[in-house]
Amino acid sequence: MSLNSKIPPGPLAQKWSRHKSDLIKLVNPANKRKFDILVVGSGLAGASAAATLAELGYKVKCFCFQDSSRRAHSIAAQGGINAAKNYRNDGDSVTRLFNDTIKGGDFRAREANVHRLAEVSVNIIDQCVAQGVPFAREYGGLLDNRSFGGAQVSRTFYARGQTGQQLLIGAYQALSRQIGLGNVKMFPRTEMLDVVVLNGHAKGIVTRDLVSGKIESHAGDAVILATGGYGNVYNLSTYARGSNATATWRAHRKGAYFANPCYTQIHPTCIPVSGEYQSKLTLMSESLRNDGRVWVPKKKEDCGKDPRSIAEEDRDYYLERKYPSYGNLAPRDISSRAAKQVCDEGRGVGETGLGVYLDFSDAINRLGQKVVAQRYGNLFDMYHEITHENAYDIPMRIYPAIHYTMGGLWVDYNLMSNLPGLFVLGEANFSDHGANRLGASALMQGLADGYFVIPYTIGDYLATTKEGKPKTDNSEFKKAETDVADGIKRLLNTNGKRTVADFHKQLGKIMWDYAGMARTKEGLQKALQEIPALHEEFKKDLKLTGGNEEINQSLENAGRVDDFFELGQLLCLDALVREESCGGHFRSEYQTEDGEALRNDEQFAYAAAWQYNSGKTPELHKEAIVYEETKMATRSYK
Amino acid sequence: MNVKLKVWRQKNTQAPGEFKEYEAKDVNPNMSFLEMMDVVNNEITVKGEEPVAFDHDCREGICGMCSCVINGEPHGPEYKVATCQTYMRSFQDGETITVEPFRAKPFPVLRDLVVDRGAFDRIIQAGGFVSVSTGGAPDANALPVSKQKSDLAFDAAACIGCGACVAACKNGSAMLFVSAKVSHLALLPQGQPERYRRVKAMVDQMDKEGFGSCTNTYACEAACPKAISASNIARMNRDYAVALLLNDDMPETSGE
Ligand SMILES: Cc1cc2nc3c(=O)[nH]c(=O)nc-3n(C[C@H](O)[C@H](O)[C@H](O)COP(=O)(O)OP(=O)(O)OC[C@H]3O[C@@H](n4cnc5c(N)ncnc54)[C@H](O)[C@@H]3O)c2cc1C
Ligand code: FES
């Protein structure tokens with residue numbers, strides 16, 4: 001199957017408006033209620049899509065695995081959301097936001113999608129304010145902005161440190177209104193376990209009720225996946241514990257292409273792992289690096305000492321040493337890799353040796369504790385809550401952690417996967433962030449997709465397709481139900497000795513060691529041997545207790561980890577094949593003399609869309625990244 | 001450190017429940033309470049028994065999913081944190097820790113520590129929103145909002161919908177939860193057009209769900225991980241009184 005990205009013709013800045021007005025077919029309002037749409041996921045992307053489609057008159061069913069649609073992982077986003085409002089009069093524009101995002105993505109994102117994203121960004125803020133989202137305001141009553149990485153203008157809208165929460169509650173309320181009106185039927189504590197494909201079109205899903213264990217089919221005219229990212233393939237990450245890739249992976253197994261899985265983002269300032277028992281990593285705002293100095297001891301033997309007792313000349317302020325111009329504010333990927341390097345040399349600090357100091361003593365001496373507290377007080381409190389250490393007195397310990405995944409299911413300009421009728425929104429798709437996502441742009445993309453893109457583009461499919469809605473007693477549904485039930489039985493009957501958590505930890509370690517911050521051919525090849533071997537062991541030695549017809553959280557996790565084994569392999573394969581460094585994908589073999597990522601546009605300016613090949617080596621389809629108006633350049637923030 | 005756990009075990013809503021004891025040995029005080037539970041669950045599973053079911057997701061105090069009563073207190077001993085932000089250093093070596101689900105009639109236990117809080121969603125569905133459909137919103141800065149009002153609205157909107165307020169209240173009242181949403185929207189200009197029909201619809205649904213009444217003990221405020229203020233309840237009561245006079249109802253809902 002060839003990949004058709006369906007990018008509309010015409011000048012970049014007019015593509016979306018022309019597409020909307022001339023090129024896509026509309027569904028007659030009276031007909032909308034005849035269409036059933038299944039939305040899997042109720043995060044920013046899913047909730048905004050479900051609410052908006054229901055407002056338009058479609059019949060919507062929405063699914064999430066949490067006990068309420070309000071709890072999706074989007075709720076944890078802290079920093080903010082970008083929009084080209086130019087409220088600051090600092091020269092921002094749709095073009096500038098577009099340029100920043102394309103450059104931020106290291107010239108691996110699709111130009112037309114990113115331009116559309118920048119265009120609709122302004123509508124998002126209007127919509128959210130109308131819903132009552134309490135964004136930060138100035139005394140004059142107008143909206144406040146802050147600056148974020150990768151931008152020279154102040155365009156980030158925020159709601160204290162809880163932007164994701166407030167945006168999600170806004171979308172949740174819009175969704176709740178439609179549920180109350182009977183236009184959306186919500187299925188919380190329900191997990192999608194398969195997509196049903198009929199005549200090549202996605203026409204339904206199979207779900208498991210996480211309370212009763214009941215396996216059920218839902219038929220629809222279209223299926224939308226808005227199921228989030230796959231960062232938990234690394235086990236430890238800043239994601240919510242439950243985030244998983246089962247929905248996208250099972251769609252992949254049914255024929256949907258998975259694109260650019262190796263594009264993963266690592267955030268440099270997270271609270272380090274404190275022990276084997278660790279279940280998740282907490283993000284500390286990057287803004288701390290404005291005043292904190294990063295260092296480790298010069299000598300290994302000093303690593304166990306009280307940092308305050310280590311003399312100035314025995315400290316290695318390695319970021320300042322290696323990157324004199326940027327110092328502690330070196331970009332995310334560079335800072336992350338530098339931290340790994342010093343820890344690999346055995347100079348890491350803290351109980352596990354995987355940590356570096358972020359020291360505020362200079363700032364406190366210079367500005368006084370009061371000023372530092374005003375700037376970062378809430379972060380120091382959070383740090384104290386988790387580590388029980390007072391960072392005013394002793395340096396913080398930080399370490400990079402997996403934070404976001406740019407890869408995902410391949411979609412065309414209409415956000416439809418290569419399987420007609422299957423749409424993918426939010427972090428679950430691949431199209432807008434290229435090889436690296438800029439801060440405050442994931443929230444923007446999720447809401448753009450849900451509020452302003454899918455409501456138009458889905459109509460084009462529905463208005464033109466000849467495939468009707470099947471009934472769930474169709475044999476394909478029955479077969480999918482049986483497959484799902486058999487899969488669950490297989491997991492429950494394994495009768496081995498090791499728990500799911502145990503396997504997930506081991507998989508995470510392999511991923512982190514070989515496909516984490518810096519990747520090499522040898523490492524990736526090793527991972528590609530170790531992961532399948534561990535997967536085989538999982539199949540033989542997994543221990544689950546309890547049954548299917550009840551709440552069984554280990555069973556839920558087992559299914560998700562089972563999928564992570566396969567996804568992890570694809571990620572490593574993708575990373576192996578991509579013999580260049582770009583954005584979040586850093587291959588140690590491909591770097592400049594001063595350690596910067598070395599892109600290879602001649603050979604690798606393509607999106608890698610992988611086709612599942614039932615257990616055999618997946619097939620690679622390339623979508624060339626063609627820029628009509630942008631010039632590819634070396635990303636430099638010096 | 002070592003601790004003993006007395007954990008509520010209940011197979012499903014219909015089954016009777018009971019406390020069972022477990023031991024957690026060599027606990028690192030820097031572990032979170034839920035990480036300690038993970039370790040215990042791992043051991044339980046290896047022994048061939050069924051692990052303790054508990055709700056959780058973000059593990060950083062924002063999703064509102066975790067919901068345990070620890071030593072008699074919803075979300076445990078520390079002030080202004082959720083269960084997932086409770087660390088083992090808050091307990092004594094050798095202590096026996098009692099762990100139960102949030103208990104309230106409208107929150108049936110589904111299994112062990114997992115309860116059904118669907119009633120909260122139904123209250124929001126009855127009216128906890130501004131009826132604006134996507135598209136056509138005016139420019140965001142067309143409507144200035146005083147910073148003070150906006151900050152107050154934010155304080156109320158910070159509610160994570162966990163239900164600790166209900167579990168803490170001897171009457172099982174949901175007034176803090178409902179009033180937080182009522183206040184968030186009543187304080188903003190966007191919420192004015194539906195202000196009174198909203199409060200009426202939400203309070204009516206709250207009553208229908210079987211939540212108890214408020215007798216002003218403020219146990220809810222003390223248990224709230226986000227320190228939502230009980231002054232929201234007074235605001236809601238005032239608005240509700242006005243709503244009764246105005247008699248302006250929300251459109252019929254399907255009762256989903
Ligand atoms: C700590 C942290 C801070 C962040 N801060 C920012 C920030 O400041 N700015 C920014 O722009 N971005 C930020 N991000 C990134 C951003 O939050 C996410 O990328 C974004 O919220 C993802 O939204 P989503 O709707 O695509 O998916 P999610 O919010 O992950 O939602 C997924 C939904 O799918 C459902 N689901 C998944 N699988 C299934 C299944 N099999 N069956 C049924 N339902 C399923 C889930 O229940 C959930 O409802 C941050 C991320 C983290 C981890
Ligand atoms: S797990 Fe999210 S608030 Fe506790």
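The values are calculated or read from the model by the stated rules, or taken from the named source; none is laboratory data. All of these numbers come straight from a predicted model, not from anything done at the bench. We place every Cβ from the backbone using ideal geometry, glycine too, and count neighbours over all the protein chains shown. With ligands, DNA and RNA removed, areas are computed over all heavy atoms of the protein, side chains included. Shrake-Rupley method; radii C 1.70, N 1.55, O 1.52, S 1.80 Å.
Charged side chains reduced to their Cβ positions (Lys and Arg at +1, Asp and Glu at -1) give the protein assembly as shown a dipole of some 1420 debye around its Cα centre.
Over chain B, the ratio between the Cα radius of gyration and 2.2 N^0.38 Å evaluates to 1.12. Helix A:521-541 and the long axis of chain A differ in direction by around 60°, with both axes built from C-alpha atoms. Accessible surface of the protein assembly as shown, 1.4 Å probe: 48 percent of it comes from carbon and sulfur atoms. Take each residue of peptide A:64-76, count the partner chain Cβ atoms within 10 Å of its Cβ, and average: the result is 6. Basic side chains Lys and Arg get +1 at the Cβ, acidic Asp and Glu get -1 at the Cβ, and with that the dipole of the stretch A:267-402 about its Cα centre reaches some 360 debye.
Sorting the segments B:220-231, A:377-388 by their mean number of nearby beta carbons within 10 angstrom, highest to lowest, gives B:220-231, A:377-388. 3J(HN,Hα) couplings calculated from phi for the stretch B:214-226 with the Karplus curve 6.51 cos²θ - 1.76 cosθ + 1.60 (θ = phi - 60°) are, in sequence order, 9, 10, 6, 8, 6, 4, 4, 4, 5, 8, 5, x, 10 Hz; Gly and Pro show x. Can you give me the C-alpha center-to-center distance between the stretch A:127-187 and the stretch A:370-449, rounded to a whole angstrom? With the stretch A:127-187 and the stretch A:370-449 each reduced to a Cα centre, they are spaced 16 Å. How far is helix A:111-131 tilted, in degrees, relative to the longest principal axis of the Cα atoms in chain A, given as a value from 0 to 90 rounded to the nearest 10? It works out to around 90 degrees.
Given a cut-off of 37 Å, what percent of all Cα-Cα pairs of the protein assembly as shown lie beyond it? Cα-Cα pairs in the protein assembly as shown separated by more than 37 Å: 43 percent. Rolling a 1.4 Å probe over the heavy atoms of the protein chains gives the stretch B:3-111 an accessible area of 40 Å² per residue. Taking every residue in A:167-174 and counting other chain Cβ atoms within 10 Å of its Cβ, the average works out to 5.
Entry note: the stretch A:273-412 has Rg to Rh equal to 0.98, where both radii use alpha-carbon atoms and Rh is the Kirkwood radius. Provide the buried accessible surface between chains A and B in square angstrom, both chains summed, 1.4 Å probe, rounded to the nearest 100. Summing both sides, the interface buries roughly 6400 Å². Dipole orientation for the protein assembly as shown: of the candidates A:SER237, B:PRO16, B:ALA156, B:ALA156 has the Cα lying most toward the positive pole (charges on Cβ; Lys, Arg +1; Asp, Glu -1). At 37 °C and 0.692 mPa s, what whole-number value in µm²/s does Stokes-Einstein give for the translational diffusion of the stretch A:475-602, with Rh from the Kirkwood sum over Cα pairs? Reported coefficient: 199 µm²/s. Residue by residue along B:81-92, Cβ atoms of other protein chains within 10 Å of the local Cβ number 1 on average.
Rolling a 1.4 Å probe across all protein chains gives A:VAL40 an accessible area of roughly 10 Å².
Protection proxy ranking for B:148-161, A:405-418, A:296-309, using the average of other Cβ atoms within 10 Å per residue and placing the highest first: A:405-418, B:148-161, A:296-309. The HN-Hα couplings worked out from phi for the stretch A:80-93 by the Karplus form 6.51 cos²θ - 1.76 cosθ + 1.60 (θ = phi - 60°) are x, 9, 7, 7, 7, 7, 6, 5, 8, 6, 9, x, 6, 6 Hz, whole numbers, x standing for Gly and Pro.
Near A:MET396, the amide H atoms lying under 5 Å from its own belong to A:LEU358, A:PHE360; only residues 5 or more places off or on other chains count, and H is placed 1.01 Å from N.
Normalising the average separation of contacting C-alpha pairs (under 8 angstrom, six or more residues apart) by the number of residues puts the relative contact order of the stretch A:475-602 at 29 percent. Compared with the dominant principal axis of the Cα atoms in chain A, helix A:44-56 is inclined by about 30°.
Within the assembled protein chains, the solvent-accessible surface assigned to A:GLU536 is about 90 Å², based on a 1.4 Å probe. Note on A:VAL223: accessible area approximately 0 square angstrom, rounded to 10, probe 1.4 Å, nucleic acids and ligands left out. Near A:TYR404, the amide H atoms lying under 5 Å from its own belong to A:GLN265; only residues 5 or more places off or on other chains count, and H is placed 1.01 Å from N. Entry comment: accessible area of the stretch A:475-602 is 41 Å² per residue, from protein heavy atoms only and a probe of 1.4 Å. For the stretch A:267-402, the solvent-accessible area works out to 42 Å² per residue, with a probe of 1.4 Å and every protein chain left in place.
Amide H to amide H distances under 5 Å link A:ILE7 with A:TYR413, where only residues 5 or more positions off or on other chains count and H is placed in the peptide plane.
In order along the stretch A:386-395, phi translates into HN-Hα couplings of 7, 9, 6, 10, 9, 6, 6, 9, 9, x Hz, rounded to whole numbers, per the Karplus curve 6.51 cos²θ - 1.76 cosθ + 1.60 with θ = phi - 60° and x for Gly and Pro.
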